[in-house]
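For reference, the structure discussed in these notes is given below.
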Amino acid sequence: MQTTFTISTEGPGLYEFTGDVAAWVRGTGLCTLFIRHTSASLLIQENADPDVRRDLAEWLHRTVPPADHPDMGFLTHVAEGPDDMPAHLKAAILPVNLQIPVTRGALALGTWQGIYLVEHRDAPHRRQVVAHMA
């Protein structure tokens, strides 16, 4: 069983789509999620306190600043703007796929865990995440 989730983003940040996945899964097995983009990521993270999402986004920005930051002068892939290559770097350090056990039709996530698309680009995008249930 497969489907594709489309998640609209409005710039950098964590976009939760746990509810969409939870409504789709069936039975008992393993749900695999795969993002079809090289400048965004997937993450399982706390979904109770929005400060966690803000702090993670800020940490990513500080860890990998835009290409026009003085520390990033080594970058050569800059034709698509100062956020492009840093987005690829962020996608290289965060997962682009996730596997989540499903038990009797429910995601076996922890109490405070949610599924997020992590947008690394500045402009709005419509991102696709392919889901496979086996």
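Limited to region 72-88, what total is found for residues that are touching a helix residue (DSSP H, G or I) at 6+ places or on another chain (Cβ under 9 Å) and among the hydrophobic types (A, V, I, L, M, F, W, C)?
The number of residues fulfilling the criteria is 4.
Quick check on region 62-81. Is at least one of its residues under 22 Å from the mean Cα position of the chain (by Cα) and in contact (Cβ under 8 Å) with a residue 60 or more places away in the chain?
Among the residues of region 62-81, not one is under 22 Å from the mean Cα position of the chain (by Cα) and in contact (Cβ under 8 Å) with a residue 60 or more places away in the chain, which makes the answer no.
Hey, residue 100 hits all of (1) within 19 Å of residue 124 (Cα to Cα); (2) of a type in the set (A, V, I, L, M, F, W, C); (3) touching a Leu at 6+ places or on another chain (Cβ under 6 Å) but one; which does it fall short on?
For residue 100, the failing item is (1).
Would you be able to tell me the number of residues in region 1-40 that are part of a loop (DSSP other than H, G, I, E, B), among the aliphatic types (A, V, I, L, M) and surrounded by fewer than 15 Cβ atoms within 10 Å (Cβ to Cβ)?
Looking only at that region, the number is 1.
Taking only region 58-87 into account, find how many residues are farther than 16 Å from residue 40 by Cα and of a type outside the set (S, T, N, Q). Step through it out loud before you land on a result.
Quick first cut of region 58-87, residues farther than 16 Å from residue 40 by Cα only: 62, 67-79.
Still in the list and also of a type outside the set (S, T, N, Q): 62, 67-75, 77-79.
Residues in region 58-87 being farther than 16 Å from residue 40 by Cα and of a type outside the set (S, T, N, Q): 13 in total.
Restricting region 95-116 to residues that are crowded, with 16+ Cβ neighbours inside 10 Å and out of contact with any Asp or Glu (no Cβ under 8 Å at 6 or more places or on another chain), which is farthest from residue 19 (Cα to Cα)?
96
Could you figure out which of (1) surrounded by fewer than 15 Cβ atoms within 10 Å (Cβ to Cβ); (2) under 14 Å from residue 18 (Cβ atoms); (3) within 14 Å of the chain's Cα centre (by Cα) isn't true of residue 48?
For residue 48, the failing item is (3).
Could you check region 117-130 and list, in sequence order, the residues that are surrounded by fewer than 21 Cβ atoms within 10 Å (Cβ to Cβ) and hydrophobic (A, V, I, L, M, F, W, C)?
Once the filter is applied, which keeps residues that are surrounded by fewer than 21 Cβ atoms within 10 Å (Cβ to Cβ) and hydrophobic (A, V, I, L, M, F, W, C), region 117-130 yields 123, 130.
Kindly indicate whether residue 78 is under 21 Å from residue 108 (Cα atoms) and either assigned to a loop (DSSP other than H, G, I, E, B) or in contact with a Cys (Cβ under 9 Å, 6 or more places away or on another chain) (or both).
In short, no.
The numbers here are math on the coordinates, done by the rules we state, and not lab data. What you see is a predicted model, and the numbers here were worked out from it, not measured in a lab. In this analysis, Cβ positions are derived from the backbone assuming ideal geometry, glycine residues included, and neighbour counts consider all displayed protein chains.
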